[in-house]
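Participant: My structure is below; once you've seen it, I'll send some questions.
The values are calculated or read from the model by the stated rules, or taken from the named source; none is laboratory data. Remember, it's a predicted structure, so these values are computed and weren't measured experimentally. Cβ sites come from the backbone with ideal geometry, for glycine too, and all protein chains shown count toward neighbours.
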Amino acid sequence: MTRAAIHIVDDDPDMRDGLAWLFDSRGHQATTWDGGPPFLEAAKALHGQWPQAVVVLDIRMVPMTGLQVFEQLKAMACPWPVLFLTGNGDVGMAVAAVKNGAWDFLEKPFQDNVLVDRVEQAVAAAAADGDANQEAHRLRYALASLSPREREVLDQLILGHYNKNIADHLGITQRTVEFHRANIFEKMGVSSAIELAHKLGRLQPIVKPQA
């Protein structure tokens, strides 16, 4: 099984280096980032193909706070568990973040063993999350990559409409519908409208066909 990477995002170089040493010494693969923007750029470059990973994220950073970084990860449908590191005055924000989907938080100063245990629990959860969530995230990313017209054609396809009916409904030629249909199937990784409907059905209520 592939070992999950641990991304340490913290603008304090001493904390960042100390955490990297801690995880490396426990046999984990740790990558450090000095702030949210470079980390998010690297995440975006994955184009929705998420390897197993866990994020250890400082809640107070500049120019982007940990909470802002977390919201960006959610917007990308990133499945990585996020563990916040918080100061004494940030516990309320951290609790709210956990309610909003973060994995956990740990208040500074913390014991090394407690942090490693929490992260290893997140690693195990990320592995268990596995293939089903990976496919769901891939489908969501593919869905987001559709053009507005492709999305209109998709909505008609999963309602069971034929190419000619879709062409009449949208005021375009049947050949144009066939072109968009082929692009949709390629992007979504399916070979038929029935397979497309079945896959998208698992993403409900995210996908709601337009009548």
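Participant: For region 53-93, how many residues meet the condition of being of a type outside the set (A, V, I, L, M, F, W, C), at pLDDT below 90 and more than 17 Å from LEU106 (Cα to Cα)? Full working, then the answer.
Facilitator: The initial filter retains those residues of region 53-93 that are of a type outside the set (A, V, I, L, M, F, W, C), namely 58, 60, 63, 65-66, 68, 71-72, 74, 79, 81, 86-90, 92.
Next cut, at pLDDT below 90 only: 79, 87-90, 92.
If we keep only those that are more than 17 Å from LEU106 (Cα to Cα) as well, we get 79.
Qualifying residue count, region 53-93: 1.
Participant: Of all residues in region 36-89, which are under 16 Å from ARG16 (Cβ atoms), of a type in the set (Gly, Ala, Ser) and part of a loop (DSSP other than H, G, I, E, B)?
Facilitator: Hit for region 36-89 is GLY87, nothing else.
Participant: State the number of residues belonging to region 1-35 that are part of a helix (DSSP H, G or I) and over 20 Å from ALA126 (Cβ atoms). Before you say what the answer is, go through the steps one by one.
Facilitator: To start, the set of residues in region 1-35 that are part of a helix (DSSP H, G or I) comprises 13-25.
With over 20 Å from ALA126 (Cβ atoms) added as a condition, the list becomes 13-18, 21, 25.
Residues in region 1-35 being part of a helix (DSSP H, G or I) and over 20 Å from ALA126 (Cβ atoms): 8 in total.
Participant: Which numbered condition trips up GLN174, out of (1) of a type in the set (S, T, N, Q); (2) loosely packed, with under 13 Cβ neighbours inside 10 Å; (3) over 19 Å from the mean Cα position of the chain (by Cα)?
Facilitator: (2)
Participant: Answer yes if at least one residue in region 147-156 is closer than 30 Å to ASP10 by Cβ, crowded, with 16+ Cβ neighbours inside 10 Å and among the β-branched types (Val, Ile, Thr), and no otherwise. Even if it seems obvious, please write down each step before you answer.
Facilitator: Start the filter on region 147-156 by keeping residues that are closer than 30 Å to ASP10 by Cβ, which leaves none.
No, because not a single residue in region 147-156 is closer than 30 Å to ASP10 by Cβ, crowded, with 16+ Cβ neighbours inside 10 Å and among the β-branched types (Val, Ile, Thr).
Participant: Could you tell me which of the residues TRP103, TRP33 is touching a Phe, Trp or Tyr at 6+ places or on another chain (Cβ under 9 Å) and touching a residue at least 40 places away in the same chain (Cβ under 8 Å)? Step through it out loud before you land on a result.
Facilitator: Working: TRP33 fails: touching a residue at least 40 places away in the same chain (Cβ under 8 Å).
Of the residues listed, the single one that is touching a Phe, Trp or Tyr at 6+ places or on another chain (Cβ under 9 Å) and touching a residue at least 40 places away in the same chain (Cβ under 8 Å) is TRP103.
Participant: Can you pull out every residue in region 139-172 that is in contact with a helix residue (DSSP H, G or I) (Cβ under 9 Å, 6 or more places away or on another chain) and touching a residue at least 60 places away in the same chain (Cβ under 8 Å)?
Facilitator: LEU139, ALA142, LEU143
Participant: Taking interchain pairs and intrachain pairs at least six residues apart, which have beta carbon atoms under 6 angstrom, with the first residue in region 2-28 and more than 24 Å from ALA128 (Cβ to Cβ) and the second assigned to a helix (DSSP H, G or I) and of a type in the set (A, V, I, L, M, F, W, C)?
Facilitator: none
Participant: Where in region 125-211 are the helices (runs of 4 or more DSSP H), entirely inside, with at least 2 residues that are under 30 Å from ALA4 (Cβ atoms), at pLDDT below 90 and not basic (Lys, Arg)?
Facilitator: Working: elements: 148-157, 163-170, 174-188, 193-201.
Passing ranges, in order: 193-201.
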